[in-house]
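Student: Okay, here's the structure, questions in a sec.
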Amino acid sequence: MVERLTKKGYIRSDHVKKALLAVPREKFVNQAASRAYSDKPLPIGFGQTVSAPHMVAVILEELELRGGAKVLEVGTGSGYHAAVTCKALEILGGGEVYTIEIDERLYRIAQRNFVRIGLTSIHAYLGDGFNGLPDLSPFDRIYVTAATPEKPEPLYAQLAPGGILIFPFGPQNQIQQLIKVKKTDDKFIEERLLEVAFVPLKRKGERGQPL
Ligand code: SAM
């Protein structure tokens, strides 16, 4: 699968390639383990899916990760994408991954998955990730794994100077755009990367709390 994604141009960097090779996707998709290495979104329970591997690769490449980066993921789901991000940072020399999930059942499953693969350094939070984690900001990189029809202003506000934010923008069941935002000293520069189809970002209006 990784070779296919490299040939198709989704994987362009060594750290993304090695991170995808290092994380066993089958451990995150119990019911669909036999399809873990097809380039498709797969069910992770409770009406949610883990993104297709090419989408994980695209987001990781566009994040332009550097060693030492502090990264926030919104939408932990199974924990697969956070685990790949964590591995990519390890390969680059270290960094920190924070992730926030709105569904407590998935939050708990992801915690178990992190332990199962021996990745206990990921900081997992429960809450509405639209609001980010203001007390822990700023973040060098933020990415969102569910689509929002409104711009996530709190996430823009939690970006460090030079930071990058990636999120799927658009309504449910319609074509969405993957947006990349770069924060310079005094402004945000936005770019549309590609058309995507993500599950919707839910809203609860509560702040993330570590359990
Ligand atoms: N990154 C995940 C993985 O590797 O399995 C897949 C993410 S799935 C496409 C989207 C996730 O976002 C779901 O787990 C969903 O419960 C979560 N979600 C939806 N709205 C959210 C919100 N406001 N805050 C945090 N998580 C949210």
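Student: Within the stretch 103-118, which residues are free of Cβ contacts under 8 Å to residues at least 24 places away in the same chain and acidic (Asp, Glu)?
Tutor: Within the stretch 103-118, just GLU104 meets the criteria.
Student: Another question about this same structure. Return yes when LEU89 is surrounded by 20 or more Cβ atoms within 10 Å (Cβ to Cβ), within 14 Å of the chain's Cα centre (by Cα) and more than 13 Å from the ligand (Cβ to nearest atom) and no when it is not.
Tutor: Taking the combined requirement at face value, the residue satisfies it.
Student: Moving to a separate point now. Determine which single condition TYR98 fails, assuming it passes every other condition in (1) touching a residue at least 60 places away in the same chain (Cβ under 8 Å); (2) under 14 Å from the mean Cα position of the chain (by Cα).
Tutor: Of everything listed in (1) touching a residue at least 60 places away in the same chain (Cβ under 8 Å); (2) under 14 Å from the mean Cα position of the chain (by Cα), TYR98 misses just condition (1).
Student: Follow-up question, since we're still on this one. Kindly indicate the residue of the stretch 19-44 that is of a type in the set (Gly, Ala, Ser) and more than 23 Å from PHE167 (Cα to Cα) and also surrounded by the fewest Cβ atoms within 10 Å (Cβ to Cβ) among those meeting that condition.
Tutor: Only one residue tops the list, namely SER34.
Student: Residues that are within 18 Å of the chain's Cα centre (by Cα), within 11 Å of the ligand (Cβ to nearest atom) and without any contact (Cβ under 8 Å) to a residue 60 or more places away in the chain: find the strands (runs of 3 or more DSSP E) completely inside the stretch 1-86 holding 1 or more of those.
Tutor: 42-45, 48-50
Student: For the stretch 4-13, state whether one or more residues are within 21 Å of PHE114 (Cα to Cα) and in contact with a His (Cβ under 9 Å, 6 or more places away or on another chain).
Tutor: No, the stretch 4-13 contains no residue that is within 21 Å of PHE114 (Cα to Cα) and in contact with a His (Cβ under 9 Å, 6 or more places away or on another chain).
Student: Filter the stretch 1-51 for residues that are under 27 Å from ARG66 (Cα atoms), of a type in the set (Gly, Ala, Ser) and touching a Lys or Arg at 6+ places or on another chain (Cβ under 8 Å) and give the result.
Tutor: Matches in the stretch 1-51: ALA19, ALA22.
Student: For residues that are away from the ligand (no atom under 14 Å from the Cβ), among the aromatic types (Phe, Trp, Tyr) and out of contact with any Gly (no Cβ under 9 Å at 6 or more places or on another chain), tally how many sit in the stretch 137-168.
Tutor: Going through the stretch 137-168 one residue at a time, the tally reaches 1.
Student: Go through the residues of the stretch 45-64 one by one and say whether even a single one is surrounded by fewer than 16 Cβ atoms within 10 Å (Cβ to Cβ) and closer than 22 Å to PHE169 by Cα.
Tutor: Looking through the stretch 45-64, at least one residue is surrounded by fewer than 16 Cβ atoms within 10 Å (Cβ to Cβ) and closer than 22 Å to PHE169 by Cα.
Student: Among the residues of the stretch 162-210, what is the count of those that are of a type in the set (Lys, Arg) and either part of a strand (DSSP E or B) or closer than 18 Å to ALA52 by Cβ (or both)?
Tutor: Qualifying residue count for the region: 4.
Student: Are any residues in the stretch 57-86 of a type in the set (S, T, N, Q) and under 20 Å from ILE179 (Cα atoms), and if so, which ones?
Tutor: Residues satisfying the conditions are THR76, THR85.
Student: Of the residues that make up the stretch 169-176, is at least one within 15 Å of the ligand (Cβ to nearest atom), polar (S, T, N, Q) and either in contact with a Cys (Cβ under 6 Å, 6 or more places away or on another chain) or in contact (Cβ under 8 Å) with a residue 12 or more places away in the chain (or both)?
Tutor: Yes, there is a match, as at least one residue in the stretch 169-176 is within 15 Å of the ligand (Cβ to nearest atom), polar (S, T, N, Q) and either in contact with a Cys (Cβ under 6 Å, 6 or more places away or on another chain) or in contact (Cβ under 8 Å) with a residue 12 or more places away in the chain (or both).
Bear in mind that the values in this text are calculations on the coordinates, not laboratory data. All figures in this text were calculated on a predicted structure; none of them were measured in a lab. Quick reminder, even Gly has a Cβ in these numbers, built from the backbone with ideal geometry, and neighbours come from all protein chains shown.
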